[in-house]
Amino acid sequence: MQKRNLIYILLTLVLLGILGFSYVSQRSPLITCQQPEFIPTSTSNKFYIHPDKIVVEPWRGRHHVYAIFMLPSGYINDHFLRVTIEGIDSICGVVTYLGHNSAEGINAKPGYYLSKGWLQTRMALWLMVQGKYKQLKQPHNWILGYTKKQY
């Protein structure tokens, strides 16, 4: 009788785990790559950069999957970054101005400033479960658009 109850409890826990994982994995991202904050690609002087540093440590909790970008002064960014990995739809994250010239061991060159872009932790975990950790750490997969400020 004891053994039978233990088997039922284990099967119930496994079923709940599978259902919970499928629910989390099917949730749509909060940040879509169709946001109006992207600078139109029709802008003739739009440029793109890759990050100087990428941190992917989702096991540490929220805000531990991010990239540091160095942008030239007098330019504004898209406010959203794009991560593109082969076989996966583009994933977007939010970019903020850091307000200082040094962050996470990166020092901005003269005439440049730093911005930090975050990717959702659950999206990073989902990519890692799919075996995409190494691609997530590659700077060429992260991109940020920017253009000259319009005064």
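Just so it is clear, none of the values below were taken in a lab; they were calculated from the coordinates. From a predicted model like this one, the values you see are computed outputs, not experimental measurements. For neighbour counting, all protein chains shown are included, and Cβ atoms are generated from backbone atoms with ideal geometry for every residue, glycine included.
Computed quantities for the displayed model
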{"item": "Answer residue from the stretch 75-124, given it is of a type in the set (Gly, Ala, Ser) and crowded, with 21+ Cβ neighbours inside 10 Å and is farthest from VAL56 (Cα to Cα) among those", "result": "SER115"}
{"item": "Considering residues of the stretch 89-115 that are in contact with a Leu (Cβ under 7 Å, 6 or more places away or on another chain) and hydrophobic (A, V, I, L, M, F, W, C) only, the residue nearest to ASP52 (Cα to Cα)", "result": "ILE106"}
{"item": "Cross-chain or 6+ apart pairs with Cβ under 8 Å, the stretch 133-151 first and in contact (Cβ under 8 Å) with a residue 12 or more places away in the chain and under 14 Å from ILE91 (Cα atoms), then of a type in the set (Ser, Thr, Tyr) and not in a loop (DSSP other than H, G, I, E, B)", "result": "ILE143/TYR48; LEU144/TYR48; LEU144/SER115"}
{"item": "Considering residues of the stretch 69-128 that are part of a loop (DSSP other than H, G, I, E, B) and among the polar types (S, T, N, Q) only, the residue farthest from ILE143 (Cα to Cα)", "result": "ASN101"}
{"item": "Among (1) closer than 30 Å to GLY20 by Cβ; (2) in contact with a Lys or Arg (Cβ under 9 Å, 6 or more places away or on another chain); (3) polar (S, T, N, Q), the one test that GLN135 misses", "result": "(2)"}
